[in-house]
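Step one of this worksheet: look at the structure below.
The values are calculated or read from the model by the stated rules, or taken from the named source; none is laboratory data. These numbers come from a predicted model, not from an experiment. Note: ideal-geometry Cβ built from the backbone for every residue, glycine included; neighbour counts use all protein chains shown. What goes into the accessible areas is simple: the full protein's heavy atoms, side chains included, and nothing from ligands, DNA or RNA. Shrake-Rupley method; radii C 1.70, N 1.55, O 1.52, S 1.80 Å.
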Amino acid sequence: MKPEVKGQPFICFLVTGPGESNTQVDVPKAIVFHGSHALLDGAGALTTFNLFFKDIARLEDDALLEQLKWGEEVKNLPVGPVAASGGPKEDWDPKGVELLVQVVKSLSKDQ
């Protein structure tokens, strides 16, 4: 199900395993931020993460916080897009720009 995001400059999703409850500790979860590049580039992204994590730090349920697996975040990060696609390509300049144009056109049709 695709949420209505048109006109929203920023949205945050909690992604869980299919059919699983958000409250189960052992269910894999991910937090996905989606927003304008202008808002989430550089300092904007740092500000967003700062506000987000300050809110998490204010959680009052210490038992919930104790169940989190702190220190394991790095191993859960995916590889970067260049490594995931087989490394740098010699023909990136002409073909990469063309691909980015196609992606932007495709995304703008969905909005």
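Excluding Gly35 itself, what net charge comes from residues whose Cβ is under 14 Å from its Cβ, given Lys and Arg +1 and Asp and Glu -1? That sum, taken over residues with Cβ under 14 Å, equals 0.
When the residues Glu60, Glu73 are ordered by accessible surface, computed with a 1.4 Å probe over the protein chains alone, the sequence from largest down reads Glu60, Glu73. Taking each residue as 0.36 nm, the span from Lys6 to Trp70 lengthens on full extension beyond its C-alpha to C-alpha distance by 19.6 nm. Can you compute the FRET efficiency between Leu14 and Glu90 using 1/(1 + (r/R0)^6), with r the Cβ-Cβ distance and R0 = 41 Å? Round to the nearest 0.05. Using R0 = 41 Å, I get an efficiency of 0.55.
Taken one residue at a time, the phi angles of region 30-47 give Karplus couplings (6.51, -1.76, 1.60, θ = phi - 60°) of 9, 10, 10, 9, 10, x, 4, 4, 5, 7, 10, 9, x, 4, x, 5, 5, 5 Hz. Gly and Pro are set to x. Applying 1/(1 + (r/R0)^6) with r as the Cβ-Cβ distance of Val97 and Leu77 and R0 = 35 angstrom yields a FRET efficiency of 0.85.
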